[in-house]
Amino acid sequence: MNKSIWSLMVVFLVALAGYGIWEITQDDGEIRASVSVAEAMGGGSNEGYLRATGPREFVFPDDHGPHPGFRTEWWYYTGNVFTDDGRQFGYQFTIFRSQMTPPDSNASDKAFSEDWNTNQLYLGHFAISDIENEDHVFEERYSRGAAGLAGSQAEPHRIWLEDWEIKRIENNDGNDKNFPVSIKAEMENGTALDLNITPAKPLVLQGEDGYDPKGSEQGNASYYLAFTRMKTEGTVTKDGEVHDVNGYSWMDHEWSTSALDEEQEGWDWFSIQLSNNYEIMYYQLRNSDGSVSQFTNGSIIDPEGNKSNFNPGDVSLEVLDRWVSPHSKAEYPTQWNLRIPNHGVDLQLSTVFPDQEMDVSVRYYEGVLKIEGEMYDERITGNGYIEMTGYGENEEDTIR
């Protein structure tokens with residue numbers, strides 16, 4: 001995410017999903033991105049910021065909220081939902097927080113301020129993939145984390161950017177670790193989400209108990225929390241028609257200050273929900289020489305919510321087909337064979353349709369996957385999402 005999230009990291013995330021080096025003009029509120037994904041995730045001065053340097057104890061509900069002092073943070077949701085007659089929609093909804101100055105500087109480090117004097121910037125990405133019509137629509141917005149325009153808070157849990165919002169649904173069960181949320185968002189063209197999302201499995205601490213290294217330098221890491229299967233119901237509005245839907249979502253929450261090493265140029269991140277009630281998370285960090293970084297990582301979540309990690313050497317990921325974007329001319333993989341022999345996994349992954357590129361301030365790909373294959377000698381199917389960053393990037397086409 002760099003505006004891509006890294007959803008696996010990062011931020012990615014979209015974390016994608018992310019963020020660039022941002023400039024805020026105090027007099028007119030202008031905000032603009034100025035660098036590529038790799039530069040944003042690995043470059044710039046980190047002096048004075050907090051760093052992810054090792055495992056830590058998580059405290060809830062606090063750690064579902066913001067972490068001022070770290071440069072980058074995102075709350076990332078994707079899902080596949082269906083109407084009663086089987087029509088499918090994929091969605092991505094991500095809100096990023098970016099801290100412009102370190103906490104020991106003169107600028108305020110508050111995540112919310114009643115005036116314009118803030119060093120917190122919020123960025124939002126919202127996309128819908130209409131599988132039946134092979135139509136991918138998206139919107140980007142951003143705002144200062146001040147004057148009520150955007151912000152994040154732990155209690156009550158709420159992340160918002162203007163009228164785009166993630167908010168805790170109070171259910172009085174006293175569980176501050178696993179709780180339902182609502183997502184509400186509407187694009188200028190009327191495309192909208194109104195969903196209630198409830199964890200169907202326990203919270204997952206990705207990496208090493210929630211500490212997820214991305215590079216060799218100390219601090220090139222994130223803290224990474226995930227809900228890998230969340231029951232989802234509500235409505236999707238598209239082309240003036242409201243659709244009642246239900247299905248499953250995936251949530252990543254990550255925060256960090258620096259993620260990528262200098263030789264790393266991007267990532268391919270997969271979230272996979274299988275029909276046998278397993279989930280797979282796998283991200284492949286790509287080096288500029290075409291090799292796969294040793295910090296590539298992944299995990300499998302079993303039906304009871306237990307996590308097993310696996311390393312790059314445990315995985316074979318073969319690209320079977322590619323697509324050239326007519327918008328950016330970047331070439332993206334669109335079909336893969338994923339094998340994890342130690343876990344009996346042999347899957348065919350493919351995008352449901354190719355044109356799911358996010359051509360926003362920093363371009364990346366965020367798309368719905370269809371899945372079929374075998375696990376433990378059993379035929380399975382599934383749904384998922386793929387995020388890809390760093391494809392076709394150069395000085396000319398990444399700076400908007």
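The values are calculated or read from the model by the stated rules, or taken from the named source; none is laboratory data. Predicted model only: the values in this text are computed from it and were never measured. Cβ atoms come from the backbone with ideal geometry, glycine included; neighbour counts cover every protein chain shown.
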Considering segment 359-400, residues that are at pLDDT below 95 and β-branched (Val, Ile, Thr), and then whichever is farthest from residue 251 (Cα to Cα), we arrive at 399
Pairs with Cβ under 8 Å, 6+ apart, first in segment 162-178 and polar (S, T, N, Q), second part of a strand (DSSP E or B): 178/199; 178/227
When restricted to 209, 194, the only residue over 24 Å from residue 91 (Cα atoms), under 22 Å from the mean Cα position of the chain (by Cα) and surrounded by fewer than 17 Cβ atoms within 10 Å (Cβ to Cβ) is 209
Being aromatic (Phe, Trp, Tyr), out of contact with any His (no Cβ under 9 Å at 6 or more places or on another chain) and surrounded by 17 or more Cβ atoms within 10 Å (Cβ to Cβ): is that true of residue 224 here? no
Segment 232-243 residues that are under 10 Å from residue 192 (Cβ atoms) and at pLDDT below 95, paired with ones that are of a type outside the set (A, V, I, L, M, F, W, C) and surrounded by 11 or more Cβ atoms within 10 Å (Cβ to Cβ) (beta carbon under 7 Å, 6 or more apart): none
Of all residues in segment 85-104, count the ones that are over 28 Å from residue 367 (Cα atoms) and either small (Gly, Ala, Ser) or touching a Leu at 6+ places or on another chain (Cβ under 8 Å) (or both). 2
Applying the selection to segment 183-206, what residues are of a type outside the set (A, V, I, L, M), more than 16 Å from residue 242 (Cβ to Cβ) and in contact with a strand residue (DSSP E or B) (Cβ under 6 Å, 6 or more places away or on another chain)? 198, 199, 201, 206
Within the set of pairs 6 or more residues apart or between chains, which connect a residue that is on the phi > 0 side of the Ramachandran plot inside segment 211-227 to a residue that is in a strand (DSSP E or B) and buried (at least 24 other Cβ atoms within 10 Å of the Cβ) with Cβ atoms less than 8 Å apart? 219/258
So which of 39, 30 ends up being in contact with a helix residue (DSSP H, G or I) (Cβ under 9 Å, 6 or more places away or on another chain), at pLDDT below 70 and either within 26 Å of residue 215 (Cα to Cα) or charged (D, E, K, R) (or both)? 39
Can you tell me how many residues in segment 335-365 are of a type in the set (A, V, I, L, M) and in a strand (DSSP E or B)? 6
Hey, can you tell me all the residues within segment 309-334 that are in a strand (DSSP E or B) and among the hydroxyl-bearing types (Ser, Thr, Tyr)? 316, 332, 334
Within segment 168-180, is there a residue that is under 18 Å from the mean Cα position of the chain (by Cα), under 26 Å from residue 124 (Cβ atoms) and surrounded by 15 or more Cβ atoms within 10 Å (Cβ to Cβ)? no
Kindly indicate the residue of segment 258-281 that is surrounded by 24 or more Cβ atoms within 10 Å (Cβ to Cβ) and among the hydroxyl-bearing types (Ser, Thr, Tyr) and also modelled with the lowest pLDDT among those meeting that condition. 258
Anything in segment 343-358 that is among the acidic types (Asp, Glu) and either crowded, with 22+ Cβ neighbours inside 10 Å or modelled with pLDDT under 95 (or both)? List them, or say none. 357
Quick check on residue 60: is it in contact with an Asp or Glu (Cβ under 6 Å, 6 or more places away or on another chain), of a type in the set (A, V, I, L, M, F, W, C) and at pLDDT 95 or above? yes
All but one of (1) buried (at least 24 other Cβ atoms within 10 Å of the Cβ); (2) in a loop (DSSP other than H, G, I, E, B); (3) at pLDDT 95 or above hold for residue 201; which doesn't? (1)
Which listed residue is buried (at least 24 other Cβ atoms within 10 Å of the Cβ), modelled with pLDDT of 90 or more and in contact with a strand residue (DSSP E or B) (Cβ under 6 Å, 6 or more places away or on another chain), from 82, 96, 89: 96
Could you tell me whether residue 367 is small (Gly, Ala, Ser) and within 19 Å of residue 135 (Cα to Cα)? yes
Being buried (at least 24 other Cβ atoms within 10 Å of the Cβ) and either part of a loop (DSSP other than H, G, I, E, B) or of a type in the set (S, T, N, Q) (or both): is that true of residue 237 here? no
